[in-house]
């Protein structure tokens, strides 16, 4: 199920005096930003044409057409940079967008027992953790545990290690 909108970055403070804006990118593939042309700014509620996107000292910088001053850029602070879900980049086999996993039902593969619904995905530098039922259980999102992933069916089958559900 493709979401209607996908947030790809969140705008921050102005940079320089020509209307450039810093941003927090929400993709690990920063090369994807250079392909963006028209995006939609949620917060300001307007479509925006991108002149250029680049990285400077680890910070993503956006330059939008018609945003040419510090005060213009300041108006964009905290806006979400979104694209229509149908335009998001394809991912490789065995790769998934967080939005594809959220809402999936997690079931035990051997018994079919319902463990819960994926309500979030957390990343801390290791494997991602699936947040089940608002954090009641955190399940490592690795192939050894999440053995059958079917986002189109909103289903993930898992072989949970013994005791995982009992951890606090």
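Its Cα gyration tensor gives the range 5-87 an equivalent ellipsoid. The semi-axes, each the square root of 5 times an eigenvalue, are 18, 15, 11 Å from largest down.
With runs of 4+ DSSP H residues as the only contributors, calculate the mean residue ellipticity of the chain at 222 nm using -39,500 (n - 2.57) per run, divided by the residue total and rounded to the nearest 500.
On the way: 2 runs with 9 residues, N = 168.
Computed ellipticity for the chain at 222 nm equals -1000 deg cm²/dmol.
Rg then Dmax, both in Å and based on the Cα atoms of the range 43-112: 18.4, 61. In the elastic network of the chain, a GNM with C-alpha springs shorter than 10 Å, the most mobile of 59, 119, 38 is 59. With a ≥ b ≥ c the root eigenvalues of the C-alpha gyration tensor of the range 98-166, is it rounded (a/c under 1.5), prolate (a/b larger than b/c) or oblate? Taking the square roots of the gyration eigenvalues as a ≥ b ≥ c, the range 98-166 is rounded.
Values in this text are rule-based calculations from the coordinates and carry no lab data. Bear in mind the structure is a predicted one, so any value in this text is a computation, not a measurement.
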